[in-house]
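First the structure, in the form of structure tokens, and then the observations on it.
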Amino acid sequence: MLEAPARGRTDIAVARQELRLEPDPARVVALPLNFAPAVLAERVERVLRFTDEQAGEALRDMTARFGWRHRDLIAQLRRRWAELVDLLHLDPSGVGEDRRLLAAAYTTMEYAVEAAALCNPSIVPAPDQRGAGPGELRVVVSLRAIGEGHRSTVEFRTGTVGAAGRLRLDPAGRWATPGRVTAGTDGGAGGYTVRFDPATPLDERVLYAASPDETLGLEDARFVPLQLPGGSTSWAATYTAYNGRDITIKLIRTDDFATFTVRPMTGPGVSDKGIALFPRQVGGRWWALGRQDGQRLFVMTSQDLVHWGSPQRLAEPVHDWELVQMGNCGSPVETPAGWLVVTHGVGMLRRYVMGAMLLDRDDPSVVLGRIERPLLEPDDDEREGYVPNVLYSCGGLVHEGRLVLPYAYSDRACSAASVDVEELIAAMR
């Protein structure tokens with residue numbers, strides 16, 4: 001039976017920050033136009049018929065109009081020309097540089113990665129802690145950027161968390177840059193590797209759809225630092241790949257945020273959205289949280305982070321504010337008292353709020369406690385947006401005893417909050 005509606009604000013002291021990270025429609029990437037090969041060939045043939053004078057004038061015009069909007073647009077167009085040669089079986093001999101670049105430009109489009117929304121952040125310690133002062137932690141924040149056609153990409157920001165739990169983001173660069181994709185990795189179908197020039201700032205790097213099962217994007221990446229059995233640390237994320245009809249749950253691995261390997265996850269434990277990895281093995285196995293039936297929270301295990309066994313029900317809606325659905329807001333965070341899990345609950349009129357629960361450190365299938373009222377809910381300034389009445393996060397971290405939680409409001413923009421961990425756990429029943 002559901003408990004009586006909780007009235008009033010939670011007694012837990014949550015410090016909301018004034019941070020506002022808004023989408024910037026000027027951040028654009030150059031992506032291929034998805035014409036059929038015959039149509040592409042026709043477009044390219046028209047360009048190759050340009051006279052030298054026409055080609056020179058068109059290239060100067062293209063450079064003036066678009067060059068300043070991208071980091072090294074010419075290099076990107078050269079790679080696009082190489083793709084066209086392979087795809088269309090072109091003979092590049094006799095085709096001058098101007099025509100090559102123009103053929104690439106006429107089969108490429110600018111895509112504004114943040115045109116619709118910037119939302120659903122997660123936060124992890126940065127691999128490089130240089131620049132952190134006393135009591136500070138350098139961090140990487142991942143973001144879901146939504147653009148034309150509701151297609152999603154993954155972006156990043158860098159910043160610092162202070163001793164009081166305040167998140168400060170570094171100014172973002174002016175450009176957004178896609179990586180170089182190599183398909184057909186050992187991940188099998190749907191697997192690939194993305195490489196970025198290490199000289200490209202992290203806040204410019206964009207992960208975009210690179211296989212047929214994710215043509216409508218990469219949704220809700222939940223990044224987490226992994227403590228590997230050998231003692232080293234790596235970084236991973238799960239995300240939902242969407243092609244407009246079906247979803248595929250995928251795993252990202254990286255050691256440096258410059259090279260990312262991607263592969264589909266398999267098994268009965270990954271049949272729904274919202275998979276979140278635990279940051280270390282428990283009892284010699286990897287663990288994860290996720291939904292299976294669109295309503296409840298489940299736990300599942302794996303030997304290799306890829307294939308996940310049968311899920312076990314962990315928690316179901318108890319309160320009125322999670323009646324429609326509950327799930328996680330990112331990976332569990334380890335504390336001396338247990339695994340701290342930030343949850344999301346969906347209530348009336350699809351209103352999303354955040355809750356929290358505590359799991360046993362040695363057996364994460366055991367719930368030790370839950371808070372009775374929402375930890376965080378949309379205020380009057382946060383309820384309007386692309387998807388109204390929603391607060392959501394894809395993961396926080398604990399620093400100096402405080403849970404630091406970046407979150408999105410109404411799928412429009414992002415902010416952050418923090419809360420004392422001991423106070424939060426003490427409020428659980």
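The values are calculated or read from the model by the stated rules, or taken from the named source; none is laboratory data. For clarity, every value in this text was computed on a predicted model and none was experimentally measured. When we count neighbours, we look across all protein chains shown, and the Cβ atoms used for this are built from the backbone with ideal geometry, even at glycine. SASA here: full protein model, heavy atoms, side chains in, ligands and nucleic acids out. Shrake-Rupley method; radii C 1.70, N 1.55, O 1.52, S 1.80 Å.
Our summary of shape: the Cα atoms of the range 276-330 have principal axis extents of 37, 19, 16 Å, ordered from largest down, in whole angstrom. Calculate I(q)/I(0) for the range 26-103 by the Debye formula, one identical point scatterer on each C-alpha and no solvent, and give its log10 at q = 0.15, 0.24, 0.25 Å⁻¹ to two decimals. Once normalised to I(0) and log-transformed, intensities are -0.53, -1.29, -1.35.
Bridges between two residues of the range 187-321, per DSSP, are antiparallel at a rate of about 95%.
You can think of it this way: the chain between Glu372 and Gln295 has 25.9 nm of extra reach, that is 0.36 nm per residue less the Cα-Cα gap. Between the beta carbons of Arg429 and Arg245, assuming R0 = 56 Å, the FRET efficiency works out to 0.85 to the nearest 0.05. Summed over all non-identical Cα pairs, the Kirkwood treatment of the range 245-294 gives a radius of 12.5 Å. Treating r as the C-beta distance of Arg383 and His150 and R0 as 22 Å, the FRET efficiency rounds to 0.60.
Seen from every direction in turn and averaged, the convex hull around the alpha carbons of the range 205-290 projects onto 5.9 nm². Count Lys and Arg as plus one, Asp and Glu as minus one, and take only other residues whose Cβ is under 12 Å from that of Pro212; the net charge is then -2. Separation of the range 90-156 from the range 43-84 is 21 Å, based on Cα centroids. Across the accessible surface of the range 193-348, with the other protein chains kept in place and a 1.4 Å probe, carbon and sulfur atoms take up 51 percent.
A convex hull fitted around the alpha carbon atoms of the range 375-419 yields 62 Å³ per residue.
For a paramagnetic label modelled on Gln54 (point 7 Å from Cα along Cα→Cβ), amide N atoms under 17 Å away belong, within the range 74-111, to 95-107.
Stretched out straight at 0.36 nm per residue, the stretch from Leu88 to Leu228 would grow longer than its current Cα-Cα span by 46.0 nm. Restricting the count to DSSP beta bridges whose residues both fall in the range 47-169, what percent are antiparallel, rounded to a multiple of 5? About 100 percent, rounded to the nearest 5. Each 10 Å bin, from zero up to the one with the longest distance, holds this percent of the alpha carbon pairs of the range 227-385: 10, 37, 35, 16, 1. Only one residue of Thr301, Tyr409, Gly330 has its Cα farthest out toward the positive end of the dipole of the range 281-429, where Lys and Arg carry +1 and Asp and Glu -1 on Cβ, and that residue is Thr301. Estimated at 0.36 nm per residue, the fully extended path between Arg46 and Val324 surpasses their Cα-Cα distance by 94.6 nm.
Once the convex hull of all Cα atoms in the range 100-151 is built, its volume per residue stands at 140 Å³.
Taking the inverse of the mean 1/r over every pair of distinct Cα atoms in the range 349-429 gives a Kirkwood hydrodynamic radius of 13.7 Å. By the Cα gyration tensor, the range 8-147 has an equivalent ellipsoid whose semi-axes, rounded to whole angstrom, run 44, 17, 14 from largest to smallest. Give me the orientation-averaged projected area of the Cα convex hull of the chain, in nm², one decimal. The number I arrive at for the chain is 21.8 nm².
Solvent exposure of the chain, expressed per residue, is 43 Å² of accessible area, with all protein chains present and a 1.4 angstrom probe. Charging the Cβ of each Asp and Glu at -1 and of each Lys and Arg at +1, and nothing else, the dipole of the chain about its Cα centre rounds to 200 debye.
How far is the Cα center of the range 12-41 from the Cα center of the range 352-412, in Å? Cα centres, the range 12-41 to the range 352-412: 24 Å.
Working from label points 7 Å from Cα in the Cα-to-Cβ sense, the Arg195 to Arg168 distance is 3.6 nm.
Evaluating 6.51 cos²θ - 1.76 cosθ + 1.60 at θ = phi - 60° for every residue in the range 388-397, the Karplus couplings come out as x, 6, 10, 10, 7, 9, 10, x, x, 8 Hz, glycine and proline recorded as x. Please work out the FRET efficiency for the pair Arg350 and Asp61, using the Cβ-Cβ distance as r and a Förster radius of 41 Å; give the result to the nearest 0.05. Given R0 = 41 Å and the Cβ-Cβ separation, E is 0.30.
Of interest is the spacing of the C-alpha centroids, which for the range 311-342 and the range 180-242 amounts to 26 Å.
The residue among Phe260, Phe278, Tyr208 whose Cα reaches farthest toward the positive pole of the charge dipole of the chain, with charges on the beta-carbon of Lys, Arg, Asp and Glu, is Phe260. Return the distance in nm (one decimal) between the two label points of a simple spin-label model at Ala13 and Asp362, each offset 7 Å from Cα along Cα→Cβ. The answer from the label model is 3.5 nm.
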